[in-house]
Amino acid sequence: MTWAAVLLFIALAALWLEDKTPRQALFSVAREALKEFRRMGVPMHALEHSVMIKGLARHGAFPYRKRRLDAAHLPVILNIPTSEGSGEATHPDVIHVPGGWGAGRWTWLMSATPYPSGGDYCENPEIYVSYDGIRWTVPAEGVNPLAGIPAEIGRRDLKKEYHSDASLLMHGGKLRVYYRWSGVMLDGSVENRLYAMNSEDGIKWGARTMLFGENGAIPANRDFLSPSVSRVDGKFIMWTVEREGGWRVIMRRSSDDGLEWSSPEKTFLEADYGPIQPWHLDVTECGETGGTILLLAAAEDRGHRSELHYGFGDREGRAWKLAGKLIEPGYSFEWGRIYRSSLAFREKGRYALFYSAHGDDGKWSIARLDLRLDARRKVFEYVR
């Protein structure tokens, strides 16, 4: 038996004891063999590159691995304690409360929905809290999900139903979560509704209130995607992405109490590039410009090829001009797509971006990225 065969036998035995996968075992054997070639003084640079770069990329999941070497942003992937245990979540909406709020006087509040492997069965609104915006916990055991897995009793026309698109609003010392219910019927039509729930401490939540809804054939259905609600000059304003004439547009509604809403009006979206097809959004008040900031996940139907854009608009959120993409995917955990995101104000000129991302391994994550706003030029810069 040659020295190479002995080496291979020893390496395979060790790998077996370490309980590695075949792909991991093959990678390790190749790596050890390359070490021996180095010791023998035989250059194998091309093979080393293939094994260490290409092989390493294939044999395991590395969320922070750079897929684009010029990626300039430095995000932090968050550990979200989803109720079903996967840690996969999407559609974050975050509020920063410097003085603290709720039973724990938490300074950061987040709503999101679990989304393990893209399964909408667990996509139910949940609440998470933090003191630094990095380490997140659940307010109390048994709180999540706020709205359980939907199962409407007596409905025999339903083929499938699910929740989605949770969004937070703080007003009058109370926290409100808005979210969407969707039902797919046996005849192919779709029913959509928006609901709201309130809490005074982040632990006890009141009964849900239905806001509005509709049903009909898919091409004619408005969808009510990604509601975002703010207080503007004493009024509640809600923005949603809806269908109109075969295209998706941003609609605006107003309310005196955040529960009874006006008829929708179409907003105006301008871009020097495009065309832009809205999918999910978040609207944030911008004190530096006196207007609003729009985060827009533009995508094909069902969110495929989603990209995150941003723009600035008037105070009442009737019109925006897009400035460009906020993030160009650069890491494995976000390589698939950048999805619905949220912008939280920290202090003058400083914001925290919380964005949901779909990785090249098929997993969903929520990450944080700190930003600096140049209000004069209306551009965001990464804080490094």
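General remarks:
- Qualifying residue in segment 266-284 (condition: on the phi > 0 side of the Ramachandran plot and either of a type in the set (Ser, Thr, Tyr) or modelled with pLDDT of 95 or more (or both)): no
- Selection of segment 247-279 for residues being closer than 25 Å to residue 175 by Cα and touching a Gly at 6+ places or on another chain (Cβ under 7 Å) yields only 252.
- Those residues of segment 316-362 which are over 20 Å from residue 381 (Cα atoms), of a type in the set (Lys, Arg) and at pLDDT 95 or above, in sequence order: 318
- Lone unmet requirement of (1) closer than 15 Å to residue 354 by Cβ; (2) crowded, with 16+ Cβ neighbours inside 10 Å; (3) within 20 Å of the chain's Cα centre (by Cα) for residue 79: (2)
- Within the span defined as segment 336-344, every residue fails to be farther than 17 Å from residue 115 by Cβ and either part of a loop (DSSP other than H, G, I, E, B) or in contact with a helix residue (DSSP H, G or I) (Cβ under 7 Å, 6 or more places away or on another chain) (or both).
Residue-wise test of (1) under 22 Å from residue 112 (Cα atoms); (2) in the same structural domain as residue 350 (by TED's automatic domain parsing); (3) of a type outside the set (S, T, N, Q).
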| position | (1), (2), (3) |
| --- | --- |
| 223 | yes, yes, yes |
| 248 | no, yes, yes |
| 255 | no, yes, no |
| 262 | no, yes, no |
| 278 | yes, yes, yes |
| 289 | no, yes, no |
| 298 | yes, yes, yes |
| 304 | yes, yes, yes |
| 307 | yes, yes, yes |
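- Every residue from segment 287-296 that is assigned to a strand (DSSP E or B) and either in contact (Cβ under 8 Å) with a residue 40 or more places away in the chain or crowded, with 23+ Cβ neighbours inside 10 Å (or both): 292, 293, 294, 295, 296
For (1) among the acidic types (Asp, Glu); (2) modelled with pLDDT of 95 or more; (3) under 17 Å from the mean Cα position of the chain (by Cα); (4) surrounded by 19 or more Cβ atoms within 10 Å (Cβ to Cβ), each residue gets a yes or a no:
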| residue | (1), (2), (3), (4) |
| --- | --- |
| 100 | no, yes, no, no |
| 131 | no, yes, no, no |
| 143 | no, yes, no, no |
| 150 | no, no, no, no |
| 155 | no, no, no, no |
| 165 | yes, yes, yes, yes |
| 174 | no, yes, no, no |
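- Flag if residue 311 is part of a loop (DSSP other than H, G, I, E, B) and closer than 22 Å to residue 253 by Cβ: no
- Test: residue 301 is within 30 Å of residue 245 (Cα to Cα), without any contact (Cβ under 8 Å) to a residue 60 or more places away in the chain, among the acidic types (Asp, Glu) and in contact with a Gly (Cβ under 9 Å, 6 or more places away or on another chain): no
- Flag if residue 143 is part of a strand (DSSP E or B) and aliphatic (A, V, I, L, M): no
The values are calculated or read from the model by the stated rules, or taken from the named source; none is laboratory data. Every value quoted in this text rests on a predicted model; they were computed, and no experiment measured them. So basically every Cβ, Gly included, is an ideal-geometry build from the backbone, and we count neighbours across all protein chains shown.
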